[in-house]
Each structure stands twice: as C-alpha cells, then as structure tokens.
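Notes follow the structure.
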Ligand SMILES: Cc1cc2nc3c(=O)[nH]c(=O)nc-3n(C[C@H](O)[C@H](O)[C@H](O)COP(=O)(O)OP(=O)(O)OC[C@H]3O[C@@H](n4cnc5c(N)ncnc54)[C@H](O)[C@@H]3O)c2cc1C
Ligand SMILES: Cc1cc2nc3c(=O)[nH]c(=O)nc-3n(C[C@H](O)[C@H](O)[C@H](O)COP(=O)(O)OP(=O)(O)OC[C@H]3O[C@@H](n4cnc5c(N)ncnc54)[C@H](O)[C@@H]3O)c2cc1C
Ligand SMILES: Cc1cc2nc3c(=O)[nH]c(=O)nc-3n(C[C@H](O)[C@H](O)[C@H](O)COP(=O)(O)O)c2cc1C
Ligand SMILES: Cc1cc2nc3c(=O)[nH]c(=O)nc-3n(C[C@H](O)[C@H](O)[C@H](O)COP(=O)(O)O)c2cc1C
Ligand code: FES
Ligand code: FES
C-alpha cells in the first residue's frame, strides 16, 4: 500500500546559524509553508536531506534533527567535515534552502527510560539529545547520557545537554580537557552498575565507537537491548538508490539505512569491515557497471 | 621566437555596471595590479576573455574592449545573449573577476581617416567606437560611422557615439524608431557618394550583416579596402584549441580568429555557410573524435 | 496557446500517458508518491532490475558523489528476486495505475528465457506491461563478460525474452562498447520493440586522502549530467541507422531542456535516474515545463519532436 | 617540510623535469609562455597532432561548451603538416628548453612509418624527443574505422613507429572501446614505451533552439571534468594488468587533487587539456600545489605515488 503520510521538500529560511565549537555549527531552520502544507514534524532518530546552495551537481547531505520547536522550526547540529558541510557553513540568516524530510525510522521508546543508556560519540549526540529532550518534555524520567568526544572544544552542546540530562550527563574527552579522560568505553566501564541495570541502550557515533561500545554493553549486560543509529553515505535518502545499505544478520538482503534505518537493533546488523581490500580479490573483480 | 609581450590574466574590480538599452549593459572594470604587472593597454579591435563568476565548468566569454581610460580602466559594451552574459549581468560594483587580455590583432589604421567608413551592427559597434575615438584623440579626422540596429532601444551608446562622431554618425533602425528606417545596407545606399570616395572600410556586426555590407561596398567601390571583425565561438581565445577558425581564400589552412584575427581583410576570408546540413552527407560522416 | 497537449506516446501497442519514466534502479515508488502522486508526473514505472533469485549486492562503499558531473555506483543488482517481485511488489505497484515495465537481468541466456516464462505464467504476471532486458550484467558462461558487450549475446537474450513474452520488450544497451550500432542492430534482430540507451558508463574515482578507490569494487557505473553527451551520441547514431525503432533515452537528464535534447536526437521516451536523488520532484517539474513548452511552441504532441534534429523530417505539430 | 621535492620522472630514458605536460591539441606554446614562462610550469611540450600533409580540418561549428561537464570538439586534426612542423615549428619550440613530444597521426600504417622515418631523417628531427602515436584517427584502408578501435591496428601502428624511431614512443589510446585492455596490450606488444590514456570520448549535443546538433559534424570528442571518471577507470585497469608500463594520464584534470588521483590510479605523467582554455595559468597552479603537497606529506619524489591506490605497493617517499 502506498503510504500517504506527506513528505515534503520544505523550503526553509535560516533563522540562526552559529559556531558552537571546533568546526561545529548549530543551524536553525524555519520552514516556509505553502497553503495546505503539513507542518514539519519529526521524532527522535529521524533525519532530513539538506540541499546545498550550489548549481553544481551534488547529493543532498543527511543530517539528524537535533530538536524541533513551534511551527516546525528545527535545529541541525553539524560538524564541518568536507566540501558539502563547508558550503553549509557559509549560510547566513535569511538564506533559503530546501530540506526534504522527515526521513527514516525512529528510536523505539525505552520501556524503562530511567535505566536507559544513551551513548554518543561526536556529532552522533544529535538524535540522542532529541530522544532525551522528548522523554523529558513528555514527563518521563531522563536516561543517562554518556558522551565521548576528542576534547572540550568538540562538545558544542554542553549547555543544552546539561539542561536536559542534568546529573545524568557523563562526558569523556580523549585529551582529558573535560570530564573523564579517555574514550566513551572508558567512561562506560566506570558506570558498570548502571549498565548492568539497564534494559535499553541507544548508541550513535562513529562506526568504530558504536561497534566497541555495543560490544562492551553486551559483555557487561548480555540482556541489554541496544539500538544503533548508522551513518552510511546516502545519495538519495529516499530509498531510491540502494546505496546506503547495511548487511543484516537475520536476512540475506542488506537493508537501506535511509528507509529501514537509520536505527537498527545492534544484533541485527553486520558491522561494515574497514578493510578496503578484503582477501579474495574482490577489489579486482570486474565491476558490474549497472548494478 | 617566443613573443615576450606580457599577457595577463588581470584581476579586475567592477567599477560601474549599468543598463544602457534593451538587454544592453556597459561594464567598467579596473585592473588591480600586483607589483610588476604591466598596465592594461589595448588597441582598437582587440578583445579580452572574461571569466564567469561560477564554479561550474565554462569557457570564458570573448568581449571587445569598447574604450580604455587612465590606469588601464576599460569598458565592455555587451548584450545579454545566453547563460554566460546573463551571469555577467549580475555583477555588482566591487565584484571581482578575471580578464585575460589584450588578445587578437587590431584594425589597421586608415591611411585616409577622413573618407574611411565604419559600419556597425548591434554590439559590433564596440570596436568601431574604439577606433573612432582613438583617431579623434590622436587629432586625426573622424571617419563616418554607419550603425544599424533593430530599434532605438538597441542603440545603447547614442551619447558617446554622438560625442565621437558628431555629424558623421548615421543610424538606421529596422523599425524606424531612430534615424533612417531599414537596415545598414539601406543606410549605406543613401550615402553612395561617400562610399565611392572611401579608401577604407571597417565592418563589425552579425555575420549576415557583414557579408551583405561588404558585398555592397565592393559593388559600389571596387577599390575599397575592407576589414571585418569576426565573431567566432572561442573556447580559449589564446590559440590553443583551434576552435575559432575561419577559412581563407588565399591559403589551405583556416586561421584562428583569436590570434590571427578577429580582424581580417574581407577578401581573404570565406564566409561561413549558414546551412547546418550541407549537401554531400557531411553531417552524417563518422565523427573523428580527436580532432 | 493550447492546453490539450499530448505528452504521451505508444510503443509496441502499449500506451504511456507521458513519455517521462523513471530509470531502473533509481526510484522508490512508495516514497516518491508521498512527494508527488506518481500518476500526475510519470508515464510509467520501471522497476529496479530483478534477478531470478534474491541478490544481496555488493559490499559498501557502493556510491561516490562526483561533484559537478554525477556519481558512480556499484550496487551489484541488489533485489529480492523474481518470486518476491511477482508475489508482492507488483501488487503494490498496481495502485499507481501506471504501466509497469519490469527490468530483468540473468546469468545466462536460458535464465533470461526462464524469467520471461515465469512472468507469463505467474498469476500476477499480467501486471507487467513490458520487459526491459538489462544487458549490463555478467554472462557467467563467458567468464563474466557482460551480455551487452557483444552483438551475439544481445541478440540471444533479447530474442529469448521476445519469443517468450507476449508484450513489448525493450533492450537496455550499455555504452561501454566500441560502437553501439552492432549491439543495437542485434537487439532489433532479436525482436526488441524499443531500445533503452544508455546504461551507466564505466568509471572510477580515487579517494586521495585514503589513497584507495572510493568504491570497494574499484570501478562502477557513472551516471548523471556528465554522461549526457555520451547518451545523445548513442541515441543520434541509433536513430540515424534504425529510424523505425523507438528509443528510450536515458543518461544525465535533469530538466525539460535535457528531455527536448533527447527527443530531438531521436528518443521517443525518456527515463530520469540520478537527478531524482537530489530532487524527487524533478519528474513533476520536467512534466510541467514540457507542457509549458508545447503550449508556447503550439505543439499538440510532444512526441512529434522525436528525431527532428536529424533535419530530414518535417516537424508536425 | 622539505624543499628539495622532485616533480620529475623518466620514461624510456627520457627525463621530464616535471610530470605535468600539456595535452595534444589544447595548447599554444608562444602565447601561454607570455602568461607563465613554460620552463617554470611544464615538464615537456606535446605538440598538436601533426599529419604528413597539411590538413585544413572540419567546418564550423567545431566546439560546444557543455556547462558544468566539459566540451565537445570536432577540429578535424587541422595542422600545417609534418614538413612545416620540422622545417619551422620545431625550431620555435627549442627555445623553451623542454623535451618535445611530437604527436602524429596518419591515414595508414605505412604512413605512420613514413612519418617516423621522416622525423629520423630530417635535419631538425633530433629536436623530437619522443613520439606520441595518436590512434584516434580513421584508417582509410578499413573504411574509416579508427586505428585505435582494434588491437591489430594499434599494434601495427605502434610497432612501425617504434621500429623506425629510436627514441621513446607513446601510444595514445581511445576510451571508445569495449575494453581498453586489449588495445593497451597491443600497444605494449607493438613496442610502446608508455601509454597515453585517454583521448576524448565520443559525444554529441543538440541545440534545442535551432533543433539541430551543435557541431556541424554532429558528434565530436568529449573532454573536460566529465570524462575524468572514465580516464581513472582506464588508467586503473591498465596499471593493474600492465604494472610495468608507464601511463601518461589525461582526461579532465583541472587541479592538483586531480593529478594526485591520476597518479594514485597508476599514471606516471599527466597531461592537462581542456582546463587550460579557461585558465592558461592552470599548469603553474597545479605545479605549485603539488610541490606544496609533497612538502606537507614529506614526499621527496612525487612520482612515488604512482599506483599507490592499488594497495599492494609500499609507498616509498
Ligand atoms: C542519518 C544520518 C544522520 C546524520 N546526522 C548528522 C548530524 O546530525 N550532524 C552531522 O554533523 N553529521 C551528520 N551525519 C553525517 C553527515 O551526513 C556527513 O558528515 C556529511 O554528509 C558530510 O558531508 P561533506 O560534504 O562535508 O563531506 P564529504 O566527504 O565531502 O562528502 C562526500 C560524500 O560523502 C558523504 N559522507 C561523507 N561522510 C559521511 C558520513 N559520515 N555519513 C554519511 N555520509 C557521509 C556525503 O554525504 C557526500 O555524499 C549524518 C549522516 C547520516 C547518514
Ligand atoms: C572577438 C569577439 C568580440 C566580441 N565582442 C563582443 C562585445 O563587445 N559585446 C558583446 O555583447 N558581444 C561580443 N561578442 C560576442 C559574445 O562573445 C557572445 O555574445 C557571448 O559569448 C555569448 O555568451 P552567452 O553565454 O551569453 O551565450 P551562450 O549562447 O549561452 O554561449 C554558449 C557558447 O557559445 C559562445 N557564443 C554564443 N554566441 C556567440 C557569439 N555571437 N560570438 C562568439 N561566441 C558566442 C559563447 O562564448 C559560449 O562559449 C564578441 C565575440 C567575439 C568572438
Ligand atoms: C544507483 C543506481 C542504480 C542503478 N540500477 C540500475 C538497475 O538496477 N538496472 C538498470 O538497468 N539500470 C540501473 N541503473 C542505471 C540507470 O537506470 C540509468 O541507465 C543510468 O543511471 C543513466 O541515467 P541517469 O544519468 O539519469 O542516472 C542504476 C543507476 C544508478 C545511479
Ligand atoms: C580542442 C581539442 C583538440 C584536441 N586535439 C587533439 C589532437 O590533435 N591530438 C590528440 O591526440 N588529442 C587531442 N585532443 C585530446 C586531448 O589531448 C585530451 O586527450 C582530451 O581532451 C582529454 O583531456 P582533457 O579533458 O584534459 O582535455 C584534443 C582535445 C581538445 C579539447
Ligand atoms: S540513500 Fe539511496 S537508498 Fe538510501
Ligand atoms: S578560441 Fe581557441 S584557438 Fe581561438
């Protein structure tokens, strides 16, 4: 059955755009609605595809929604990484851009928010912040948030995070400039008992970090249900290209991260290998052009 | 021998940019010199290659220099034609752009300026204005200028033209909205005696107009020496691509309009045919890719 | 100005209400339908390429953005297989009330025949209005050389499908050949009702920071604006030599002007692939602009433009 | 940071002080020298393709701008012929103190041999340090099919030049083939010291306003950024299968990052064509950026990058 939930390419105005850390930006967008347009609405874990302000051929950039406000105003928290985000960083208040969304699935709401763990790395904190804030605003207990970054300058959202998570916010920095020195696994190890009590965990961050953190959680608490939010390259974000897939443990065909994800139960996915030239000569196999 | 006259990609500031007619613009550019840079200098008939302000792949656009001032400030008089000139039309005072030049040859100075004829069509008037002004400023008599355009709104430079040519300026408009009704050949026919007395003529405008006008001049005055300034598509403007050629009556190989031209003695060139599919099946001949 | 413009076209007895289709493997009907109802912007739906068995496809990285010019993909024909398509997906597609073109690929000539037969015999098979034979896939019997590379295999694959399937068959040609004419001719001899041109162009890109290819499989299919000149060349040549065979033009189309270029070069229908990744509403925009063009040019039938750049045809409006 | 970076490379005993050359037919030494002295930015000069006799070339329109992706050309090998080149032009080129690579094209295998012999015997012939055999030209004996399209003719043309000419011979390959490997292999068998890849890609474009092709000859050679993925694919494949044969990479290079991509894919030298039309100073910019890269990466020899994306090689700096 064709789904009839409207999905829109929202024409947005930049309301605010500020630097909040080392190459970290906070972008506030206000959708300009045409008559009949549904208000922009989204949930924790979902993302949008941001069109870049250039006539040059490009893919849109997938970005998690950090938070939404009245009238569908929403925020994106992003890191200047390559050419696309560098272009985004030039946006000025008043500038216009197209944002397709909301896309993807959502985190499943924790049965027991009190004991739930949010584990974030770098800009992976965005959807976890959304989840924490949503729980808090709906009057639920706030989960603990474990956040690992390189250094203090990489945090960006310290104030809003503190506002939402209060004492439940735990930060680790590689260089020890804020919170616990070390990576997020060191931090988790320090909170072993919380982990053992938790029923649910939500992880978002770089792949290596998600892999390590989910393994650690599983070791400490074999019964924990962990969801991870994956970051695959997304040419379309709309399930059209089959480019963004993740292989699954429970089925033959890999899943499109943009429509079946980005959130997956960790035990259902096969972590992508980091070896660009796997043994067996795959790298030199004649490419199948259309594909 | 490698020629050592410096040729520069002048970094220019837009000093002024105004609309002077129907899709007609006058662009004033000021070269910003680095230490040691030669001052921008050019002569009647020469042109520059204007880089477009876009990251998108494109060719530069060839434009005649209309006139030069102190410190190498110069003007371009152009018509908004396609995508490149439309982009140029967006330039604001203070904007920067790169201009390679001066390029091409010059008109040969008339032995007898007094009787010389300048015949212009549309934006082809630019190099002729340069020639007239240069002669006047060097204290020589001013040639007659015959200028054909569609209508009054297409003239653009009425005031400067009047200043340079005074009574020697003759205008024809297709719709009769200014000067003599009809095209430039009608106008020339009305000045038969001037044509018969002339030793030299200089023509610049659309190909059909140049072809017709030069034929008329030759008929009325077989001894007249006519130079035409050609408008070929110019990918490089620097003699690198061999794309801008015109076939010659006096040699086997065609000439590059950008380095051997744009000015040619009319009897030495073969007018390009307008038939896109000449008889003989050329159009379907297997293309030679590298070429 | 006329407002009774006909944007449609008929091929092999099958009528497409508009000559704009999606390209195989670059589309998601259910999600795109939420952006623009498909009936209002497409003339038909081309499925992603389906194989006999479910195919998991290639490992990541499968795609690369090539700024300015397009992209590379090496998806590896991921699809749930023909059973799943006919049991399930074809029923979903029926909801859009558009002709469905099934793109198929196989590992041998016989398997192509088997797939066509399977469609004929399946209770939902009549939902398939035409088959597009994707020839850009490796022929296992010939050591993995693509079927599309040689006239003989193009002829054989097309023929077995055309002989088995009683509706129109389109042969989708690869541009990765010395000349497209022998393979086009072979497909026509094999009974193709139309030729789809072009599939992706072989290309590669290196990640200079990582000092390795972007794609895990090194090379992949190049698509997007950068292949448009190659597609136009292919279509021009095919239309010049086989003017009676309709061409479905594809490769780099991003706007209505591109569609006009394809039609004038000789295409009867067009498909839009890569450019809908950036803009899922591109089909609607193209359709609106083409309708506008026909009105301004007083053209009753957009399809009348097909091949008009070849010069010898009169343009009837 | 080191400032003794070596940007040069040696092929078949011939040393190029820098691995950045111009591409054949896209350059004007005398005028570009006025923008940047050639010795300071180029490693050698490749001539436009010269034929035995003067060749007037094709009628206008010869070029089309393809916004964003590149251009088409159908120049038709216009050149004043080998006599003029050796009598006059070679003397002018001598002033730049750079190795001169003569690009040649002929209408038959024998004529290729005749041209090589002519160079050997001409009093100014020793100014030619290498010959690049342009195989993208029609073989009159084979009804106008390009020499570059078939291994046999590639081998024959290369061999006759390599047997006659006592300095390095480069075979310039066309990408318009089903696979570049057989023609690459044929050129190596014929005695090529290096392979230049790639020449232009066949393409076309329609002027939708005029309803006719932009080029008088309809199709032409596609060059510029849009062909870079095709060139990288070709170079990757050649280097993979013939790692001992140096490759001169060409196709869409516009900046230093592009050059790095070509080197890592397997090129030993590169040529820059279309992008110098917009910016004649592009050679200098590329050279400066590459020197900068080597300094930052502590690379003593830029050429050490050749093929490093293939993974099995150690990167020696
Ligand atoms: C569902 C989802 C949500 C995301 N949310 C955020 C967020 O909230 N904040 C944030 O800063 N980043 C987020 N990312 C990552 C972000 O999309 C990339 O950092 C960004 O696309 C990089 O683009 P670029 O042009 O700067 O980099 P380039 O390297 O120049 O991009 C080249 C191509 O690779 C893709 N790409 C490169 N890195 C990544 C990556 N890490 N993930 C996905 N695609 C990549 C780009 O989209 C582009 O197609 C998210 C990614 C996904 C998939
Ligand atoms: C030596 C010379 C001097 C010129 N001087 C002037 C001048 O002073 N004022 C002025 O308005 N125009 C002048 N022109 C014409 C001007 O170059 C074109 O109008 C302009 O290039 C059109 O660009 P576009 O992007 O607007 O058109 P498009 O049609 O979008 O351009 C597409 C391509 O075709 C080329 N092209 C299109 N029309 C022409 C043309 N008529 N001549 C040359 N190339 C063309 C463009 O340069 C570009 O490469 C001159 C041309 C030449 C060769
Ligand atoms: C991600 C992707 C997947 C594709 N999958 C298929 C496919 O399954 N079958 C097929 O015949 N073509 C496939 N193609 C090729 C397209 O249908 C089309 O021929 C090609 O991309 C050129 O058109 P475009 O430039 O508009 O994308 C695919 C292309 C892309 C980009
Ligand atoms: C205008 C033009 C003329 C060319 N002439 C020749 C030529 O005479 N001989 C040749 O071998 N290649 C010729 N080429 C091909 C180039 O040398 C080069 O292989 C191709 O353009 C790809 O490189 P690029 O994208 O950097 O231009 C020509 C290319 C262009 C654009
Ligand atoms: S990004 Fe295209 S299918 Fe997910
Ligand atoms: S414009 Fe390139 S040679 Fe004249």
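The values are calculated or read from the model by the stated rules, or taken from the named source; none is laboratory data. Computed from a predicted model, the values in this text were never measured in an experiment. As a convention, Cβ positions derive from the backbone with ideal geometry for all residues, glycine included, and neighbour counts pool all protein chains shown.
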| Members of the range D:150-187 that are over 20 Å from residue D:244 (Cβ atoms) and surrounded by fewer than 21 Cβ atoms within 10 Å (Cβ to Cβ) | D:150, D:152, D:156, D:163, D:164, D:166, D:178
| remark: When (1) in contact (Cβ under 8 Å) with a residue 12 or more places away in the chain; (2) within 13 Å of chain D (Cβ to nearest Cβ); (3) more than 14 Å from ligand 2 (Cβ to nearest atom) are applied to residue B:191, the one that fails is (2)
| request: Run down D:73, D:79 and say which single residue is touching a strand residue (DSSP E or B) at 6+ places or on another chain (Cβ under 9 Å), buried (at least 21 other Cβ atoms within 10 Å of the Cβ), within 12 Å of chain B (Cβ to nearest Cβ) and within 18 Å of residue D:119 (Cα to Cα). | output: D:79
| Given the residues A:47, A:40, which is the only one that is more than 16 Å from ligand 6 (Cβ to nearest atom), touching a residue at least 12 places away in the same chain (Cβ under 8 Å), more than 19 Å from residue C:277 (Cα to Cα) and crowded, with 22+ Cβ neighbours inside 10 Å? | A:40
| task | Could you tell me whether any residue of the range A:8-30 is more than 30 Å from residue D:226 (Cα to Cα), buried (at least 18 other Cβ atoms within 10 Å of the Cβ) and within 14 Å of chain C (Cβ to nearest Cβ)? | result | yes
| task | Only residues that are in contact with a strand residue (DSSP E or B) (Cβ under 6 Å, 6 or more places away or on another chain) and under 28 Å from residue B:139 (Cβ atoms): list them for the range B:163-178, please. | result | B:165, B:168, B:169, B:170, B:171
| Filter pass, residue B:141 being touching a residue at least 24 places away in the same chain (Cβ under 8 Å), surrounded by fewer than 18 Cβ atoms within 10 Å (Cβ to Cβ) and in contact with a helix residue (DSSP H, G or I) (Cβ under 8 Å, 6 or more places away or on another chain) | yes
| Any residue at all in the range B:66-77 that is farther than 24 Å from residue B:208 by Cβ, within 11 Å of another protein chain (Cβ to nearest Cβ) and either within 16 Å of ligand 4 (Cβ to nearest atom) or under 20 Å from the mean Cα position of the chain (by Cα) (or both)? | no
| task | Determine, yes or no, whether residue D:299 is modelled with pLDDT of 95 or more and not in a helix (DSSP H, G or I). | result | yes
| note | Per the filter on the range B:76-109, residues part of a helix (DSSP H, G or I) and either in contact with a helix residue (DSSP H, G or I) (Cβ under 9 Å, 6 or more places away or on another chain) or without any contact (Cβ under 8 Å) to a residue 24 or more places away in the chain (or both) are B:83, B:86
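Just the residues that are surrounded by fewer than 24 Cβ atoms within 10 Å (Cβ to Cβ) and touching a strand residue (DSSP E or B) at 6+ places or on another chain (Cβ under 9 Å), please, taken from the range C:191-213.
C:191, C:193, C:207, C:212
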| task | Run residue B:132 past the list (1) in contact (Cβ under 8 Å) with a residue 40 or more places away in the chain; (2) in contact with a helix residue (DSSP H, G or I) (Cβ under 8 Å, 6 or more places away or on another chain); (3) under 30 Å from residue B:236 (Cβ atoms) and report the number of the one that doesn't hold. | result | (1)
| request: Specify the residue that is farthest from residue D:74 (Cα to Cα); the eligible residues are those in the range D:101-152 that are within 14 Å of chain B (Cβ to nearest Cβ) and part of a helix (DSSP H, G or I). | output: D:142
| said: Checking the conditions here, which among D:76, D:57, D:68 is farther than 17 Å from residue D:25 by Cβ and away from ligand 5 (no atom under 16 Å from the Cβ)? | reply: D:68
| field | Hits in the range D:26-47 (condition: more than 7 Å from chain B (Cβ to nearest Cβ) and in a loop (DSSP other than H, G, I, E, B)) | value | D:36, D:37, D:41, D:42, D:43, D:44, D:47
| field | Scope the range D:247-257; condition under 12 Å from residue D:290 (Cβ atoms) and in contact with a strand residue (DSSP E or B) (Cβ under 8 Å, 6 or more places away or on another chain); matching residues | value | D:253
| Selected residue (criterion: surrounded by the most Cβ atoms within 10 Å (Cβ to Cβ)) from residues of the range C:268-281 that are near ligand 3 (Cβ under 10 Å from one of its atoms) and within 12 Å of another protein chain (Cβ to nearest Cβ) | C:274
| note | Note on the range C:207-221: residues facing chain A (nearest Cβ under 9 Å) and touching a residue at least 24 places away in the same chain (Cβ under 8 Å) are C:215, C:216, C:217, C:219, C:220, C:221
| Counting just the residues of the range D:156-179 that are closer than 28 Å to residue C:147 by Cβ and more than 16 Å from the chain's Cα centre (by Cα), which one comes out farthest from the other protein chains (Cβ to nearest Cβ)? | D:179
| said: Out of C:227, C:247, C:235, I need the residue that is more than 7 Å from chain D (Cβ to nearest Cβ), within 16 Å of ligand 4 (Cβ to nearest atom), buried (at least 24 other Cβ atoms within 10 Å of the Cβ) and in contact (Cβ under 8 Å) with a residue 12 or more places away in the chain. Which one? | reply: C:227
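Got a sec? Which of D:47, D:51, D:63 is crowded, with 24+ Cβ neighbours inside 10 Å and within 11 Å of ligand 4 (Cβ to nearest atom)?
D:63
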| Looking only at the range B:277-289, and only at residues there that are within 8 Å of another protein chain (Cβ to nearest Cβ) and surrounded by fewer than 19 Cβ atoms within 10 Å (Cβ to Cβ), the one that is modelled with the highest pLDDT | B:277
| Looking only at the range B:218-238, and only at residues there that are surrounded by 20 or more Cβ atoms within 10 Å (Cβ to Cβ), within 10 Å of chain D (Cβ to nearest Cβ) and under 19 Å from residue D:58 (Cβ atoms), the one that is nearest to ligand 5 (Cβ to nearest atom) | B:235
| note | Among the residues of the range B:254-268, the number that are within 12 Å of another protein chain (Cβ to nearest Cβ) and either in a strand (DSSP E or B) or at pLDDT below 95 (or both) is 2
